[in-house]
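Below is one structure, written out as structure tokens; comments come after it.
Throughout, read-outs are computed from the coordinates displayed, never taken from laboratory work. These numbers come from a predicted model, not from an experiment. Don't worry about glycine lacking a Cβ; one is built from the backbone with ideal geometry, like all the others, and counts go over all protein chains shown.
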Amino acid sequence: MNMFAVAMLGIVVTMLIALVRAVKGPTVFDRILAANTFGTKTILLIAVAGFLTGRPDWLDLALVYALVNFGSTIAVLKFVRFGDLAHGDEDEGARSVPPAGGGAD
């Protein structure tokens, strides 16, 4: 068994541990962190599998998956925090800016 096969086995074991934490919790933030860790381990697994099979172009797929993993983690955290993905500072910023040319004379 070569070194990269052992690395893949280790990655799969840590993915299972992260999956258990994602199911058990105890808080929603623990579950989100475990899901993000699972996604990161998936990226590593894709990269190592691409190296083992002689397909270096799988690294491009791993990078795309990394971007999707990051974006989805941010979206889920924003949804958990605010209960809506459209919540932002647009309204607050518009209220804090004084009207143009208007002021007390």
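Here are a few things to note about the model shown:
- A simple rule links phi to the HN-Hα coupling: the Karplus curve 6.51 cos²θ - 1.76 cosθ + 1.60 with θ = phi - 60°, which for region 24-40 gives 7, x, x, 10, 5, 6, 5, 5, 5, 4, 5, 5, 5, 5, 4, x, 5 Hz, with x for Gly and Pro.
- Charge dipole (region 3-83, unit charges on Cβ, about Cα centre) - positive-most of 52, 79, 11: 79
- Each Lys and Arg adds +1 at its Cβ and each Asp and Glu adds -1 at its Cβ; summed about the Cα centre, region 3-83 shows a dipole of about 320 debye.
- A Förster radius of 35 Å combined with the Cβ-Cβ distance from residue 12 to residue 85 puts the calculated FRET efficiency at roughly 0.60.
- Prolate/oblate/rounded label for region 1-60 (Cα gyration tensor, a/c 1.5): oblate
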